[in-house]
Amino acid sequence: MARGYRPTPTIIQAAEVLYRAHSVIAISRSDSGAKNLQETSASVSAVIDRARQNRSKAICFVTGVPGSGKTLAGLNIATRRSVEHLDEHAVFLSGNGPLVDVLREALTRDKAAREGVSKKEAEREVRSFIQNIHHFRDEYVGNHTIPVEKVVVFDEAQRAWTRQQAASFMQRKRGQRDFNMSEPEFLISVMDRNPDWCTVVCLVGGGQEINTGEAGISEWINALELRFPGWEVYISSRMALPEYGSSGQVERFLISPRVHSDDYLHLAVSMRSFRAEALSELIGHIVDNEPAAARVTYKKIEAAYPIYLTRDLAAAKAWLRSQARGTERFGLVASSGAQRLRPEGIHIKAKIEPVNWFLNGRTDVRSSYYLEDVASEFAVQGLELDWVGACWDGDFHHTDGIWVYQSFEGTKWQSMINESRRLYLKNAYRVILTRARQGMILFVPKGDTFDRTRLPSFYDGTYEFLRSCGISTLA
């Protein structure tokens with residue numbers, strides 16, 4: 001297969017370059033994706049400069065399609081501000097534990113190797129720059145300490161907790177019985193302690209909520225409306241779209257005189273799938289049960305972004321190995337609910353070690369290259385591989401023209417009735433199907449007529465539906 005152009009770097013490679021204080025231009029393609037990313041970074045920097053000059057407080061929401069570079073934009077903003085304005089103490093925060101662990105380890109290894117310092121010394125500096133959002137939160141609970149940070153970038157802001165989830169956690173795990181705020185409300189309140197100015201940058205993914213208690217964008221808007229009327233708000237009109245879960249709030253919010261609309265704050269072009277700008281659109285049609293639209297979309301990308309379908313796991317693995325050149329990384333992914341793939345040798349309940357899985361080489365049995373450990377949506381959200389084998393189970397299967405939602409409880413599948421849980425499951429598949437930068441293969445088992453938990457009916461309909469979406473079977 002001819003592959004004629006140089007791929008964009010992975011988020012890990014990009015983070016390493018950015019941490020060396022290089023420009024985002026140095027790690028992007030010279031096309032619309034790079035231009036979009038530079039424009040977004042420039043718009044956010046202008047917001048920060050304005051807040052600094054006017055001694056005001058501002059919050060900026062950056063939206064984007066899966067793989068469009070939201071995390072990359074956030075890292076770029078944080079690194080540039082930390083180099084050019086040391087007094088701002090810019091920091092990058094994420095509630096995505098695997099992402100934080102992988103980026104920290106990658107930057108630590110890179111810094112130690114480049115500068116000849118000990119890994120412990122390198123790690124100390126890296127940890128102050130990339131932090132887990134929950135550790136940041138815990139630092140300021142129960143006190144009135146003014147944060148040193150003037151610029152804070154919150155990655156995956158849509159995953160911040162609701163009031164109920166945050167209060168429950170703080171009571172159970174931290175003994176804070178009087179905690180009564182959503183995570184967005186508390187995080188803004190911490191930054192609001194700054195007596196003069198500050199800027200909060202929220203990176204927001206659409207259709208990415210995969211955990212119970214994740215608030216979407218609504219809690220951020222509620223907090224701003226009810227408690228922080230003096231903050232200036234910068235937003236893209238695209239945030240009013242349904243996938244951001246705002247339920248009409250954004251339209252009402254946009255008419256406020258303190259809300260400023262800037263469409264450069266939306267990253268519309270996929271950086272991850274550098275040959276398949278329409279991949280996120282395709283996956284959206286698939287999980288939304290729109291085969292005709294999926295066929296049309298796939299026609300746009302199939303020549304540049306291969307997707308195949310197979311019912312043979314060994315064939316899927318062989319295909320992945322045959323596609324990858326040099327250090328291109330490949331691996332298997334599945335939803336966390338895919339518990340009946342175990343007879344196929346896919347043990348989703350056996351958690352991977354993200355640092356080893358994403359960073360270690362081909363000779364390490366813990367790495368993704370070995371195709372033994374399978375990563376769930378929780379491990380791969382925000383990260384990526386070059387080539388992906390996505391494994392499908394009966395938790396989200398297609399039959400009689402609809403998607404069926406199930407969870408495996410004890411010894412059998414049970415229908416999933418709760419709408420929030422159904423949304424999380426659909427989003428789980430949306431996440432695992434948008435991790436590949438260059439191409440993927442979908443593995444759908446044949447099932448077993450003698451195993452009521454793996455009946456062929458759980459898989460045949462899915463296989464045929466995916467074929468009806470235009471996806472070719474592996475020859």
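Computed values, structure above
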| quantity | calculated |
| --- | --- |
| Computed log₁₀ I(q)/I(0) - Debye formula, equal Cα scatterers, no solvent, segment 279-473, q 0.12, 0.14, 0.17, 0.19 Å⁻¹ | -0.54, -0.75, -1.14, -1.44 |
| Contour excess over end-to-end distance, with Cα ends at Ser168 and Arg342 and 0.36 nm allotted per residue | 59.3 nm |
| Over segment 73-212, volume per residue of the alpha carbon convex hull, in Å³ | 124 Å³ |
| The chain, relative contact order [Cα under 8 Å, separation at least 6], % | 17 percent |
| Helix 218-227 vs. the chain, principal-axis angle (Cα, 0 to 90°, nearest 10) | 20 degrees |
| Prolate/oblate/rounded call for segment 378-474, Cα gyration tensor, a/c under 1.5 rounded | oblate |
| Share of Cα-Cα pairs in the chain lying beyond 39 Å, as whole percent | 21 percent |
| Theoretical ellipticity at 222 nm over the chain - DSSP helices of four or more residues, -39500 (n - 2.57) apiece, nearest 500 | -12000 deg cm²/dmol |
| Length released on extending from Lys300 to Thr399, taking residue separation times 0.36 nm less the Cα-Cα span | 33.0 nm |
| Residues His135 and Ala315, FRET efficiency given R0 of 25 Å [Cβ-Cβ distance, rounded to 0.05] | 0.05 |
| Arg258 versus Thr473: modelled label distance in nm, points set 7 Å from Cα along the beta carbon direction | 6.0 nm |
| C-alpha long axis of helix 97-115 to longest principal axis of the chain, angle in ° | 70 degrees |
| Solution diffusion estimate, µm²/s, Stokes-Einstein, segment 49-135, Kirkwood Rh from C-alpha pairs, 25 °C, viscosity 0.890 mPa s | 169 µm²/s |
| Sparse-neighbour loop sites [chymotrypsin sites (Phe, Trp or Tyr not before Pro); segment 377-475; at most 14 other C-beta within 10 Å; DSSP] | Phe450 |
| J(HN,Hα) series, segment 356-373, from Karplus relation 6.51 cos²θ - 1.76 cosθ + 1.60, nearest Hz, glycine and proline x | 5, 5, 8, 10, 7, x, 5, 8, 8, 5, 8, 7, 4, 4, 6, 6, 10, 7 |
| Segment 279-473, dipole about Cα centre (Lys/Arg Cβ +1, Asp/Glu Cβ -1), debye to the nearest 20 | 200 debye |
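Just so you know, all these numbers are worked out from the coordinates, no wet-lab data involved. If you're wondering where the values come from, they're calculated on a predicted model, not measured in any experiment. Every residue, glycine among them, receives a Cβ derived from its backbone with ideal geometry; neighbour counts consider all protein chains shown.
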